[in-house]
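Structure, as structure tokens:
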Amino acid sequence: MAWLRNVLTVGLFPTNMVLALAIAWWSTQASLSAPVVLVALAVTSAGIVFLAERVHPAHPQWNRSQGDVATDLIHTLVSQATVPELVRLALLAGFVGVAEDLHQAWGGSLWPQQWPIVLQLCMAMAISGLGEYWAHRLLHETPWLWRLHATHHSPKRLYFLNASRFHPLDVVLLYSLFFVPLLLLGVGPEVMLLQTVWIMIHGMYQHCNVHLRLGPLNWIFSMAELHRWHHSLKLEEANTNYGNNILLWDIVFGTVYWPRHTDASSDIGLADLPDFPQDWWGQMR
């Protein structure tokens, strides 16, 4: 079964990402319900990653529960599903009028709606990624913000479900910086749906316990090979690779960390906060 492992190593993530984006794009042309499509893609992709973690793990010991599944499920419901939607509705209420004023002053849409959808998606990822990059970097480099972001770095193993382990206030900050520029520019719903799918699929694989090798694609996606260094116990390794969904701004600002001679250690977590709570309520406090 060596051939299957090789296929999973190099092909699983790109295939899942391309198919998910293609299905999402088709759904917009077929006028299907975006929430239904997102849920279907999330459940299907989570099932694929779960199975891959069992048959082709990066670290077999990470497949053993550490009493963290319940915590991560709550984070998924709160920080992945509920809080972003509430923030989105609040930002729409607060900024739609501003966006309309900007478009009137400009004499039309600020967004290149006539561009091919792939170029629009890449542009949206780059623009939204800049604010996310600097917010993420400040969350690491500012002590009182780090205490908030430490929730995400508190697990002692990586697997697909803890991609959602964020404090809600962390989500409010990151989502606002992601969404407001796109709202003001007038990005269309099709691009927003595709971007949501990108972020969702990428997050699962970025934190998954699957042995992956993406080669040159690592210079586009901030994928698991690089992101495991970001969860290192050593701050000089963890304070790198800040891109949540793309590596572009790490390249621009010189924060890429990718040793080619070795993989990141399986020992991860919070060296400076060893007693950080592992239950959801404790993390909220």
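The values are calculated or read from the model by the stated rules, or taken from the named source; none is laboratory data. For clarity, every value in this text was computed on a predicted model and none was experimentally measured. All Cβ positions, glycine included, derive from the backbone under ideal geometry; neighbour counts span all protein chains shown. We work out accessible area using only protein heavy atoms, side chains counted, and drop any ligands, DNA or RNA first. Shrake-Rupley method; radii C 1.70, N 1.55, O 1.52, S 1.80 Å.
Here are the numbers for the structure shown:
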item	result
Residue satisfying condition, being touching a His at 6+ places or on another chain (Cβ under 8 Å) and closer than 25 Å to PRO168 by Cα, within set SER65, SER79	SER79
Matching helices (runs of 4 or more DSSP H) fully within the range 171-249 where at least 2 residues are among the β-branched types (Val, Ile, Thr)	189-206
Residues of the range 41-63 classified as open to solvent by 40 Å² or more (accessible area, probe 1.4 Å), free of Cβ contacts under 8 Å to residues at least 40 places away in the same chain and not β-branched (Val, Ile, Thr), total	3
Test for ALA224: is it of a type in the set (A, V, I, L, M) and under 15 Å from the mean Cα position of the chain (by Cα)	yes
Selection status of GLY186, modelled with pLDDT under 95, open to solvent by 10 Å² or more (accessible area, probe 1.4 Å), over 18 Å from ASN241 (Cβ atoms) and not hydroxyl-bearing (Ser, Thr, Tyr)	yes
So PHE13, is it open to solvent by less than 30 Å² (accessible area, probe 1.4 Å), closer than 22 Å to LEU161 by Cβ and modelled with pLDDT of 95 or more	yes
Selection count, the range 83-122, where residues are open to solvent by 60 Å² or more (accessible area, probe 1.4 Å) and either under 27 Å from LEU247 (Cα atoms) or in contact (Cβ under 8 Å) with a residue 24 or more places away in the chain (or both)	12
Given (1) closer than 28 Å to LEU184 by Cβ; (2) over 20 Å from the mean Cα position of the chain (by Cα); (3) modelled with pLDDT of 90 or more; (4) open to solvent by 40 Å² or more (accessible area, probe 1.4 Å), number of the condition THR28 does not satisfy	(4)
Any hit, the range 238-251, residues being touching a residue at least 12 places away in the same chain (Cβ under 8 Å), of a type in the set (Asp, Glu) and out of contact with any Leu (no Cβ under 7 Å at 6 or more places or on another chain)	yes
Residue that is nearest to TRP281 (Cα to Cα), among those in the range 64-80 that are open to solvent by 60 Å² or more (accessible area, probe 1.4 Å) and either of a type in the set (Lys, Arg) or out of contact with any Lys or Arg (no Cβ under 7 Å at 6 or more places or on another chain) (or both)	ILE74
Residue list for the range 207-222, filter: open to solvent by 10 Å² or more (accessible area, probe 1.4 Å) and either of a type in the set (Ser, Thr, Tyr) or on the phi < 0 side of the Ramachandran plot (or both)	HIS211, ARG213, LEU214, PRO216, LEU217, TRP219, ILE220, PHE221
Checking TRP280 against (1) closer than 18 Å to HIS227 by Cβ; (2) touching a residue at least 12 places away in the same chain (Cβ under 8 Å), the condition it does not meet	(1)
Extreme residue, nearest to LEU270 (Cα to Cα), among residues of the range 135-152 that are under 18 Å from the mean Cα position of the chain (by Cα) and touching a residue at least 60 places away in the same chain (Cβ under 8 Å)	ALA150
Qualifying residue in the range 126-141 (condition: over 27 Å from VAL191 (Cβ atoms) and open to solvent by less than 20 Å² (accessible area, probe 1.4 Å))	yes
Matching residues, the range 263-280, being hydrophobic (A, V, I, L, M, F, W, C), in a loop (DSSP other than H, G, I, E, B) and either under 21 Å from the mean Cα position of the chain (by Cα) or modelled with pLDDT of 95 or more (or both)	ALA264, LEU270
Residue, modelled with the lowest pLDDT, within the range 147-159, restricted to residues that are part of a helix (DSSP H, G or I) and open to solvent by 30 Å² or more (accessible area, probe 1.4 Å)	ARG147
